[in-house]
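The values are calculated or read from the model by the stated rules, or taken from the named source; none is laboratory data. Here the structure is a predicted model, which is why all the values come from computation and not from measurement. Here the Cβ positions follow ideal geometry from the backbone for every residue, glycine too, while neighbour counts run over all protein chains shown.
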Amino acid sequence: MSKILVYLPTADGKIKRSALEVLSHARVLASKNGLTLEALVVDENPSVFVETAAKYGAATVHTVQNPLFKQHLNAPLIQALESAIKTSGAKFFATPSMEATKDILGALAAKLNAGVLPDVASFDIEGDAIVALRPVMAAKVLQKVKSTGNVVLVSVRSGSYDASEAPVSGSANTLTFEPDANSIKAFLREILKTAGTGVDLSEANVVVSGGRGVKDEDGRKMLEDLAALMNGAVGASRAVTESGLFPATAQIGQTGKVVSPDLYFAVGISGAIQHVAGMSNSKVIVAINKDPDAPIFQYATYGLVGDLYKIMPILIEEIKKIKAA
Amino acid sequence: MKFSVCIKQVPDVTAPIQIKEGQLHQDADRLVLDAYSASAVEESLVLTEKHGGNVEVVSVGPEKAKETIRKALAMGAESAVHISTDDNASYDSLSYAKILAAYYKNHSFDVIAVGKQSQDTDAGLTGGMLAALLDLPFATNAVGLEADPSANKIIVKRQGDSGQEMIELPMPCIVTCSNDMNDPRIPSLKGIMASKKKPVDTKTLSDLGLDAASLQADMKTQVLGFQSLPQREPGKKFEGDATELVGTLMNALQNEAKVL
Ligand SMILES: Cc1cc2nc3c(=O)[nH]c(=O)nc-3n(C[C@H](O)[C@H](O)[C@H](O)COP(=O)(O)OP(=O)(O)OC[C@H]3O[C@@H](n4cnc5c(N)ncnc54)[C@H](O)[C@@H]3O)c2cc1C
């Protein structure tokens, strides 16, 4: 029986929600196509994640442990994944698309001489192939692609599937891993963490994003206040991450992150295709812009034509009233 | 320092596009230098201006890719290599990486800079694939780059998921560049004139010991077609004074969209 292996990236002591989304979809495909579903965790302390993986349907959870993995270096992770794929005998390998996996996917595919489909919006298994839809041309159209090979790798955009539980009793399978010290030539000097609301942008149910219309710290503070009230995260357009008003990690779009929250506020954002590429799958989009012809209104569920500096304070007060009730 | 920059010619993603019978049609055949490639060229120029050395650009593509190569030369790169492919040939990322690897096997360099993805496909695979094929250390999604030639290393500031990572790499190595790294210079008139005299070394696949048929036979990924995005329900646009607007929005979010 062919096997689908889902690699579950972890951060801050949790499996990423986007990884559980991929695991949930892989479980559906496994039962539809008669495949074995297994999961993989690579971490300095992987065993704590076995229970969660089992809750989402993975009976076998391969674990690879090494303190090296704390360092965010690609070489040891590529080695660990390559050896886990070979040892498990997986035919299909699926993982969420995020900076940490974009970092390793190409090299991993080349080392395995595998087929690979990066950053897909949906995927299915057809025989020995993966067939997927990928947004291309700055996410203006979908490209249908098919990849085959002894192994096929796929990475999936966050929010493409719902994470749904289907508990099984899980057992860990510890894989031995000897990093090849000679091949680890890079050295991590430091990680510059960005302070945020603490809510992970790609996992937030509400995202409040600012663009060039947000002129100053006072403006940004209003967005942060609204996000905090709604337990959401703050996003931004490239114009204001470039200017330094918003942190680089907040950038949403083609170069930045892809988000698909239940509610997205685009505040003082014009709606360039490169920004829309990262947020057009949001369920409800609210746009606040003083230019009635701004392209963002073509995507907005609710568009408010007006000055954000007049609208935001009133909006914040109204949301406060609801939250207090 | 010797920088070699892989650059890609891409269709202008802002030009109107249509899908007819599953195929993509661009109204205007507008081809441009990929923005991420342009940032890789820019950063290489900045570092050689600072530390000495030179910048070469390498592009795989049909004859018309030469226009894009000229653009990079006009920005300031000294020389170019054009690995020419048939007009209608299209390859997957791994094939392009194999072609580039075949070139680099016989050429020396300190840093290969490439775009972290390209504007048309956003795949972001080629840099990492090339690193694996050449067995070189690499870092992706660079938003800053510094060099320390005397210590034979570069320091990459990479944008990670929740912060920035400062990574030291020994040379030779590969860096994939974000357009958040810099604003690529616009070629000056002088640069454009000079570019016409700069050397472009054209190589065929067979010069590199490769052939199109076997590359094609080894391809693992096929494009089956194109389709439109799922249509969003048309939205509503409101005008009025701020208090009115917020009232309307609150009502819609609570009673219609039910997201509050
Ligand atoms: C290869 C490439 C990749 C890119 N990737 C990204 C990406 O990942 N993310 C991204 O965001 N961009 C990206 N861009 C940039 C993108 O093209 C736009 O330049 C950018 O999104 C513009 O940001 P903006 O909407 O904030 O600014 P602008 O386009 O300047 O829009 C500002 C808006 O604010 C409105 N405004 C001004 N004052 C007020 C006020 N007081 N009240 C209300 N409204 C007001 C204006 O009417 C205007 O519509 C990319 C570009 C390229 C070429």
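Do the conditions hold for B:MET129, that is, is it in the same structural domain as B:HIS25 (by TED's automatic domain parsing), out of contact with any helix residue (DSSP H, G or I) (no Cβ under 9 Å at 6 or more places or on another chain), at pLDDT 95 or above and within 23 Å of A:MET98 (Cα to Cα)?
Here the answer is no, as B:MET129 does not meet what is asked.
Tell me, which residue of region A:141-156 that is touching a residue at least 40 places away in the same chain (Cβ under 8 Å) and touching a strand residue (DSSP E or B) at 6+ places or on another chain (Cβ under 6 Å) is farthest from the other protein chains (Cβ to nearest Cβ)?
Only one residue tops the list, namely A:VAL156.
Evaluate the following for B:SER162: is it closer than 30 Å to B:ASN54 by Cβ and assigned by TED's automatic domain parsing to the domain that holds B:THR140?
When the stated conditions are applied, B:SER162 does not pass them.
Just the residues that are near the ligand (Cβ under 7 Å from one of its atoms) and touching a residue at least 24 places away in the same chain (Cβ under 8 Å), please, taken from region A:297-313.
If the condition is that a residue be near the ligand (Cβ under 7 Å from one of its atoms) and touching a residue at least 24 places away in the same chain (Cβ under 8 Å), then A:LEU308, A:TYR309 are the ones that fit.
Give, as residue ranges, the strands (runs of 3 or more DSSP E) completely inside region A:79-131 that count at least 1 residues that are surrounded by 23 or more Cβ atoms within 10 Å (Cβ to Cβ) and of a type in the set (Phe, Trp, Tyr). Steps first, answer last, please.
On the way: elements: A:92-96, A:115-120, A:122-126.
So the answer is A:92-96, A:122-126.
When residues of region A:157-174 are filtered for being away from chain B (no Cβ under 12 Å) and part of a loop (DSSP other than H, G, I, E, B), how many remain?
So the answer is 12.
Collect the residues in region A:276-294 that are within 16 Å of A:ALA236 (Cα to Cα) and within 13 Å of the ligand (Cβ to nearest atom), keeping them in residue-number order.
Scanning region A:276-294 gives A:VAL276, A:ALA277, A:GLY278, A:MET279, A:SER280, A:VAL286, A:ALA287, A:ILE288, A:ASN289.
Take the conditions within 30 Å of B:MET129 (Cβ to Cβ), buried (at least 16 other Cβ atoms within 10 Å of the Cβ), out of contact with any Ser or Thr (no Cβ under 9 Å at 6 or more places or on another chain) and more than 9 Å from chain A (Cβ to nearest Cβ) and apply them to B:ILE167. Does it pass?
No.
Among the numbered conditions (1) crowded, with 21+ Cβ neighbours inside 10 Å; (2) β-branched (Val, Ile, Thr); (3) closer than 30 Å to A:ILE130 by Cα, tell me where B:VAL223 comes up short.
Unmet for B:VAL223, out of (1) crowded, with 21+ Cβ neighbours inside 10 Å; (2) β-branched (Val, Ile, Thr); (3) closer than 30 Å to A:ILE130 by Cα: (1).
Could you run through region B:1-51 and say how many residues are touching a residue at least 40 places away in the same chain (Cβ under 8 Å) and among the acidic types (Asp, Glu)?
Result for region B:1-51: 3.
Checking the conditions here, which among A:GLY235, A:GLY198 is surrounded by fewer than 21 Cβ atoms within 10 Å (Cβ to Cβ) and out of contact with any Cys (no Cβ under 6 Å at 6 or more places or on another chain)?
A:GLY198
Please state which one of A:ALA239, A:ALA248 is more than 30 Å from A:ALA324 (Cα to Cα), of a type in the set (A, V, I, L, M) and facing chain B (nearest Cβ under 10 Å). Explain how you work it out, then say what you get.
Values: A:ALA239 fails: facing chain B (nearest Cβ under 10 Å).
Going through A:ALA239, A:ALA248 in turn, the sole match is A:ALA248.
Restricting to strands (runs of 3 or more DSSP E) lying wholly in region A:175-249: which have 1 or more residues that are within 13 Å of the ligand (Cβ to nearest atom) and in the same structural domain as A:ALA300 (by TED's automatic domain parsing)?
A:206-210, A:233-236
Are any residues in region A:10-42 farther than 26 Å from A:GLU126 by Cβ and surrounded by 21 or more Cβ atoms within 10 Å (Cβ to Cβ), and if so, which ones?
If the condition is that a residue be farther than 26 Å from A:GLU126 by Cβ and surrounded by 21 or more Cβ atoms within 10 Å (Cβ to Cβ), then A:ILE15, A:LYS16, A:VAL41, A:VAL42 are the ones that fit.
Every residue in region A:235-253 that is out of contact with any His (no Cβ under 8 Å at 6 or more places or on another chain) and under 19 Å from A:PRO295 (Cβ atoms), please.
Result: A:GLY235, A:ALA236, A:ALA239, A:VAL240, A:GLN251.
List pairs: first in region B:115-138 and more than 7 Å from chain A (Cβ to nearest Cβ), second of a type in the set (Phe, Trp, Tyr) and part of a helix (DSSP H, G or I), Cβ under 8 Å, 6+ apart or cross-chain?
Within 8 Å, the pairs are B:GLY115/B:TYR36; B:LYS116/B:TYR36; B:GLN117/B:TYR36; B:SER118/B:TYR36; B:LEU130/B:TYR104; B:LEU134/B:TYR104.
Just checking, does region B:186-207 include any residue being touching a strand residue (DSSP E or B) at 6+ places or on another chain (Cβ under 6 Å) and facing another protein chain (nearest Cβ under 7 Å)?
No, because not a single residue in region B:186-207 is touching a strand residue (DSSP E or B) at 6+ places or on another chain (Cβ under 6 Å) and facing another protein chain (nearest Cβ under 7 Å).
Filter region A:253-275 down to residues that are in contact with a Lys or Arg (Cβ under 9 Å, 6 or more places away or on another chain) and outside any loop (DSSP other than H, G, I, E, B) and give me whichever is farthest from the ligand (Cβ to nearest atom).
Going through the qualifying residues, I end up with A:LEU263.
Among residues belonging to region B:217-260 that are in a helix (DSSP H, G or I) and within 7 Å of another protein chain (Cβ to nearest Cβ), point out the one that is farthest from the chain's Cα centre (by Cα).
It comes out as B:THR243.
Could you tell me which numbered condition B:MET75 fails, if it satisfies all but one of (1) touching a helix residue (DSSP H, G or I) at 6+ places or on another chain (Cβ under 6 Å); (2) within 11 Å of chain A (Cβ to nearest Cβ)?
Checking B:MET75 against (1) touching a helix residue (DSSP H, G or I) at 6+ places or on another chain (Cβ under 6 Å); (2) within 11 Å of chain A (Cβ to nearest Cβ), the one that fails is (2).
Of all residues in region A:137-161, how many are within 16 Å of the ligand (Cβ to nearest atom) and surrounded by 23 or more Cβ atoms within 10 Å (Cβ to Cβ)?
Residues in region A:137-161 being within 16 Å of the ligand (Cβ to nearest atom) and surrounded by 23 or more Cβ atoms within 10 Å (Cβ to Cβ): 4 in total.
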